[in-house]
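Following: one structure in structure tokens, then a few remarks.
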Amino acid sequence: MIEINKIYNEDCLEGMKRIPDNSIDLVLTDPPYNINLKYNTYKDKKSEKEFWDWIEKIYIELYRILKNKSHLTFTCSQKQIWIYRPLLEKIGFDFRHLSIWHNPKRKAGSYPGQWTYCWEAIMDFTKNGFKKLNNKNSVGYMDIWIEEPPKNIKHPAKRPVNCWRDLVNLLTNENDIVLDPFIGSGTTAVACINTNRQFIGFELDKHYCEIANERIQKALAEKEVGE
């Protein structure tokens, strides 16, 4: 059995074996993009076949542990959008929506001779049905987030804090359990703490786990002061 509100320093494929079927209310994550990003432990440069075979195994496991009508929401690169959709539909997920995160720090000229790549996709799927979002008449939320990632955190793929908080609010209810199998520097956990949700995270690298746990302790202390 697995504890909630904890980050595990281990391979998510191994860790998820301890999570019961149909027990997770949301998967919110940022899987590797296979673009040779410089992580401490994980090698982000597999062959295309090796990468997508590995991703498929992970998402099959995510399908098992997600509750019916619950959401699988994750970032990916622009070119991966058209690979993820048929792959996940083959597993059994239903495609729901494509949102955008624009990082304003990525400006014209950032990639000489290439398109700027100033936005990343946020893909949303569900399992066996769909429950309405927590946005009556769509008030208060759009599907494009313009936000810089958090500063002073040493991780190569930091996620935007307010965007992550909004997604947790939109897709879950208080006390629901949110899983992030690639939790990195802990943004998903912070978003859960700030919205009164539970979380489970997996991260291969010990140093990133330490960063995430420091952020968790800070978020808990700030929440206690606020109450």
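General observations
- Qualifying residue in the stretch 125-134 (condition: within 16 Å of the chain's Cα centre (by Cα) and buried (at least 20 other Cβ atoms within 10 Å of the Cβ)): yes
- Residue in the stretch 135-175 that is modelled with the highest pLDDT, counting only those that are among the small types (Gly, Ala, Ser) and open to solvent by 30 Å² or more (accessible area, probe 1.4 Å): Gly140
- The single residue among Glu147, Glu174, Glu120, Glu203 that is of a type in the set (D, E, K, R), touching a helix residue (DSSP H, G or I) at 6+ places or on another chain (Cβ under 6 Å) and under 21 Å from His71 (Cβ atoms) turns out to be Glu147.
- Any hit, the stretch 36-52, residues being at negative phi, within 16 Å of the chain's Cα centre (by Cα) and open to solvent by less than 20 Å² (accessible area, probe 1.4 Å): no
- Pairs where the first residue, in the stretch 1-16, is closer than 18 Å to Ala191 by Cα and the second is part of a loop (DSSP other than H, G, I, E, B), C-beta under 8 Å, 6+ apart: Ile7/Ile183; Ile7/Gly186; Ile7/Glu203; Tyr8/Ile2; Tyr8/Glu203
- Residue that is surrounded by the fewest Cβ atoms within 10 Å (Cβ to Cβ), among those in the stretch 176-220 that are among the aromatic types (Phe, Trp, Tyr) and touching a strand residue (DSSP E or B) at 6+ places or on another chain (Cβ under 7 Å): Phe182
- Subset of the stretch 1-35 (residues that are open to solvent by 70 Å² or more (accessible area, probe 1.4 Å) and under 21 Å from Ala121 (Cα atoms)): Ile35
- Residue that is surrounded by the fewest Cβ atoms within 10 Å (Cβ to Cβ), among those in the stretch 63-108 that are under 15 Å from Thr29 (Cα atoms) and of a type in the set (Phe, Trp, Tyr): Tyr63
Matching residues to (1) touching a Gly at 6+ places or on another chain (Cβ under 8 Å); (2) within 22 Å of Ser23 (Cβ to Cβ):
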residue: Asp176; (1), (2): no, yes
residue: Ser185; (1), (2): no, no
residue: Ala189; (1), (2): yes, yes
residue: Phe199; (1), (2): no, yes
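- For Trp115: the one exception among (1) touching a strand residue (DSSP E or B) at 6+ places or on another chain (Cβ under 7 Å); (2) open to solvent by 60 Å² or more (accessible area, probe 1.4 Å); (3) not in a helix (DSSP H, G or I): (1)
- Entirely in the stretch 136-227, the strands (runs of 3 or more DSSP E) that have 1 or more residues that are touching a residue at least 60 places away in the same chain (Cβ under 8 Å): 177-180, 198-202
- Taking the criterion of being of a type outside the set (Gly, Ala, Ser), touching a residue at least 12 places away in the same chain (Cβ under 8 Å) and out of contact with any Leu (no Cβ under 9 Å at 6 or more places or on another chain), the residues of the stretch 68-84 that qualify are Asn68, Lys69, Thr75, Cys76, Gln78, Gln80, Ile83, Tyr84.
The values are calculated or read from the model by the stated rules, or taken from the named source; none is laboratory data. Owing to the predicted nature of the structure, the values given are computational and were not obtained by experimental measurement. As a convention, Cβ positions derive from the backbone with ideal geometry for all residues, glycine included, and neighbour counts pool all protein chains shown. Surface areas here come from the heavy atoms of the whole protein model, side chains and all, with no ligands, DNA or RNA. Shrake-Rupley method; radii C 1.70, N 1.55, O 1.52, S 1.80 Å.
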